[in-house]
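The values are calculated or read from the model by the stated rules, or taken from the named source; none is laboratory data. If you're wondering where the values come from, they're calculated on a predicted model, not measured in any experiment. Methodologically, a virtual Cβ is constructed for each residue, glycine included, from the backbone with ideal geometry; neighbour enumeration extends over all protein chains shown. These accessible areas exclude ligands, DNA and RNA; they are computed on the full protein's heavy atoms, side chains included. Shrake-Rupley method; radii C 1.70, N 1.55, O 1.52, S 1.80 Å.
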2 protein chains.
Amino acid sequence: MNGKLYVIGLGPGSDKQITPQALDAIAASTHFYGYKPYVSRLKLRADQVAVASDNREELARAKDALDRAATGTTVAIVSGGDPGVFAMAAAVCEAIEEGVDQWRDVDLEIIPGVTAMLAVAARMGAPLGHDFCAVNLSDNLKPWDVIETRLVAAASAGFVIALYNPISKSRQWQLGRAFDAVSAVLPPETPVIFGRAAGRNDEAMGVQLLCDAKAEDADMATCVIIGSAATRIVERGDKPALVYSPRSVRSHS
Amino acid sequence: MNGKLYVIGLGPGSDKQITPQALDAIAASTHFYGYKPYVSRLKLRADQVAVASDNREELARAKDALDRAATGTTVAIVSGGDPGVFAMAAAVCEAIEEGVDQWRDVDLEIIPGVTAMLAVAARMGAPLGHDFCAVNLSDNLKPWDVIETRLVAAASAGFVIALYNPISKSRQWQLGRAFDAVSAVLPPETPVIFGRAAGRNDEAMGVQLLCDAKAEDADMATCVIIGSAATRIVERGDKPALVYSPRSVRSHS
């Protein structure tokens, strides 16, 4: 009765961007845990049970799912994008480390997915075409000064920076502060991409210059990509401009 | 006669990890450009033409594909993993920026995919569960000192580091030097993942400690993930150990 726990990445939102591996895992599972907007994307059969959660924290959700799996059930936790990028896979590992022995015996299988920064980058050109990093801008689980130090270190070293969770109802000032921090080390004309809901019906993509970047143009569904000093904008007349980071480091970088 | 150019991510290697969007784009294309091992993964119809290339450089391949598309053809360039991560999307943008006006009129559509670090991370737990970066370890297009500076900056700031292209026949010493560089700022017991050919039949996954990490255990198909000081290994008896990076920054970090 070891049970099975899938941790599944649903991709950025379009059914066309979910892998067959993820669909197979969904078909094999009977109980589904996850943040409500992700669980509601599933087309479940009558014999499958959704346990959507709004307010419960990720660790509690991971523990609930492990408890259920340990009874011999096949359980799925679903995340948007990739479950290993600021999502449920780390919470599950943390729960297993801290939890009862039976949870270590659960057959754990993590199914990767297309994470938001890749989907946004693909819509805009190739902003992640050179060395890049991903930073969770939420300061719920880490102090703000750590975030700011990382942003400045990454920008100074020439990394493109993808920001996840840039803003929320309770975190309004962080993105503006992030722009201020990297402005100290990046040129004012550095491209900043606001990639909202890539692949979904309400997708909205745009690029601004760092000196003019408006934090209020981001929302919870936005992945913000701050270019490096080498990132370029290529105008194409009536087609959307391309934003890309060259593969070569030139002498001025 | 503007033509269409898809730049398609095939995912890490398993047919189960390629998106429906990528399959649709393949079905719609008539000419296929790419590095031979990727083109050979395609199951083409009799009316579809593969233009695999071994030795030609990426920029030349991008220009050939744009030339073909500009005649009014629907052309695909295929990459393993995601085309925007150290792959063909940036080369195509670069070719468009430098090239003839007709190339800007080509309808360009980039199809994201599951990139190697996500597939490797999923097999091992959640090593990318906190802030992380991706570094191309090839010094073909950038000086080695830039790479070393970036590695030390990223490790010092607490980023997990995913290394792409860690080693090749002509680049034998770089991975060992990378381990040496980060050893100056990371604890000796930092976990280092060697993730080879994730999702393929010849997959091989392992974890070593930084102080013992053997660069010769990597090959061209390996994605190496160097943990941060906070990355942990969770033993699970007869099941493979989990490697994860906690979501929280604790006071010692």
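Applying the criterion of at least 2 residues that are open to solvent by 20 Å² or more (accessible area, probe 1.4 Å) to the strands (runs of 3 or more DSSP E) found wholly in segment A:190-253 leaves A:204-209, A:232-236, A:239-244. Just one of the listed residues (A:A119, A:A134, A:A95) is in a helix (DSSP H, G or I), within 9 Å of chain B (Cβ to nearest Cβ) and open to solvent by less than 10 Å² (accessible area, probe 1.4 Å), namely A:A119.
None of A:S168, A:S183 is of a type in the set (S, T, Y), more than 17 Å from A:A121 (Cβ to Cβ) and in contact (Cβ under 8 Å) with a residue 40 or more places away in the chain except A:S168. Taking the condition in contact with a helix residue (DSSP H, G or I) (Cβ under 7 Å, 6 or more places away or on another chain) and outside the structural domain of A:I18 (by TED's automatic domain parsing), does A:I147 pass? Here the answer is no, as A:I147 does not meet what is asked.
Restricted to segment B:162-193, and to residues there that are farther than 12 Å from B:G227 by Cβ and of a type in the set (S, T, N, Q), the residue that is nearest to the chain's Cα centre (by Cα) is B:N165.
Of everything in segment B:98-112 that is within 7 Å of another protein chain (Cβ to nearest Cβ) and open to solvent by less than 20 Å² (accessible area, probe 1.4 Å), the residue that is nearest to the chain's Cα centre (by Cα) is B:P112. Could you please find all residues in segment A:1-52 being within 14 Å of chain B (Cβ to nearest Cβ), among the small types (G, A, S) and farther than 25 Å from B:K239 by Cβ? Those that are within 14 Å of chain B (Cβ to nearest Cβ), among the small types (G, A, S) and farther than 25 Å from B:K239 by Cβ: A:G11, A:G13, A:S14.
Considering only residues of segment A:153-174 that are among the hydroxyl-bearing types (S, T, Y) and open to solvent by less than 30 Å² (accessible area, probe 1.4 Å), which is nearest to A:A119 (Cα to Cα)? Only one residue fits best here, namely A:Y164.
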